[in-house]
Amino acid sequence: MLNQLVIRKLVNLMSVYVAKSNPALMQIQQLLLQMQQAMVAGKWLQVQDCDRQISTLVQQIKQGAEHHELKVELQLVKQRYQALLQLAKRQQQMLEQKMQRFQDNKTAVVAYQLTTEALMEMKS
């Protein structure tokens, strides 16, 4: 549920005119959406691929003649990208918590097994 709220907020960050103003910006917008969906789905290799493509497109725009005209649009891209980084950080923290719970449970299960085995041997 939290991820759905974050997704809606992120989608709303990018205004429609950004996509219409430049084909590369339109492609970046699409890649940001794909990156966001990949994060939510835990497809980190896809996130990495989208990130690389976005970086390449941003560099192309910055080297282009219309770079100064697209300053506002690039700032919006940067804001959305930063919001995605925050989402990735939250996803990472949740994954770390799950891994820690798994490790804690595994330790408890092993301790229980050892105790049970020791009790069985004492009864024998």
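The values are calculated or read from the model by the stated rules, or taken from the named source; none is laboratory data. Because the structure is predicted, anything quoted here is derived from the model rather than measured. Every residue, glycine as well, gets a Cβ built from its backbone with ideal geometry; the counts of neighbours run over all protein chains shown. Just so you know, the surface numbers come from the protein's heavy atoms only, side chains and all, with ligands and any DNA or RNA stripped out. Shrake-Rupley method; radii C 1.70, N 1.55, O 1.52, S 1.80 Å.
Matching residues to (1) in a helix (DSSP H, G or I); (2) charged (D, E, K, R); (3) free of Cβ contacts under 8 Å to residues at least 24 places away in the same chain:
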site	(1), (2), (3)
Leu45	yes, no, yes
Arg52	yes, yes, yes
Lys62	yes, yes, yes
Gln75	yes, no, yes
Gln79	yes, no, no
Ala83	yes, no, no
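Within the stretch 69-124, the set of residues being open to solvent by 100 Å² or more (accessible area, probe 1.4 Å), farther than 28 Å from Ala41 by Cα and within 29 Å of the chain's Cα centre (by Cα) comprises Lys71 only. Might you check whether a residue that is at pLDDT 90 or above, of a type outside the set (A, V, I, L, M, F, W, C) and over 13 Å from Arg80 (Cβ atoms) occurs anywhere in the stretch 12-22? No, because not a single residue in the stretch 12-22 is at pLDDT 90 or above, of a type outside the set (A, V, I, L, M, F, W, C) and over 13 Å from Arg80 (Cβ atoms). The criterion of being under 30 Å from Pro23 (Cα atoms) and not hydroxyl-bearing (Ser, Thr, Tyr) holds for Lys71. Residues that are under 18 Å from Gln93 (Cβ atoms) and in a helix (DSSP H, G or I) within the stretch 28-43 comprise Gln36, Ala38, Met39, Val40, Ala41, listed in sequence order.
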